[in-house]
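**Q** Input: one structure, supplied below.
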Amino acid sequence: MACNISRSSLCSADLGEIFPFYIPRISSYNNGFRCGDSSGKILVNQSVYDFSSCDLFDEGTDLIFSNGVIYFKDTSIPLW
């Protein structure tokens with residue numbers, strides 16, 4: 001997805017911010033993303049999700065930022 005360079009994060013996409021400098025937001029709607037320990041995120045009534053280090057370390061999401069595009073893939077190992 002397209003991700004524009006932002007002054008408040010690594011980049012800004014339609015989905016939300018990638019590594020924001022402020023407290024990350026999580027939507028009250030189910031958008032398919034959810035960091036297992038979202039206690040550090042603010043619950044908002046918008047359709048946004050800000051990626052943070054929790055998504056990388058706890059959820060196993062890989063992010064690649066290249067030429068204004070952000071790519072992400074779930075690479076977590078199933079518990080079973």
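**Q** Of the residues in segment 53-70, how many are touching a strand residue (DSSP E or B) at 6+ places or on another chain (Cβ under 8 Å), more than 11 Å from ILE26 (Cβ to Cβ) and either part of a loop (DSSP other than H, G, I, E, B) or free of Cβ contacts under 8 Å to residues at least 60 places away in the same chain (or both)?
**A** So the answer is 8.
**Q** For segment 28-52, name all the residues that are at pLDDT 85 or above and either part of a loop (DSSP other than H, G, I, E, B) or within 11 Å of the chain's Cα centre (by Cα) (or both).
**A** If the condition is that a residue be at pLDDT 85 or above and either part of a loop (DSSP other than H, G, I, E, B) or within 11 Å of the chain's Cα centre (by Cα) (or both), then ASN45, GLN46, SER47, VAL48, TYR49, ASP50, PHE51, SER52 are the ones that fit.
**Q** While we're on this one: Going residue by residue through segment 4-15, is there one that turns out to be at pLDDT below 85, surrounded by 15 or more Cβ atoms within 10 Å (Cβ to Cβ) and of a type in the set (S, T, N, Q)?
**A** Checked segment 4-15: no residue is at pLDDT below 85, surrounded by 15 or more Cβ atoms within 10 Å (Cβ to Cβ) and of a type in the set (S, T, N, Q).
The values are calculated or read from the model by the stated rules, or taken from the named source; none is laboratory data. Please read these numbers as outputs of a predicted model, since none were measured by experiment. Note: ideal-geometry Cβ built from the backbone for every residue, glycine included; neighbour counts use all protein chains shown.
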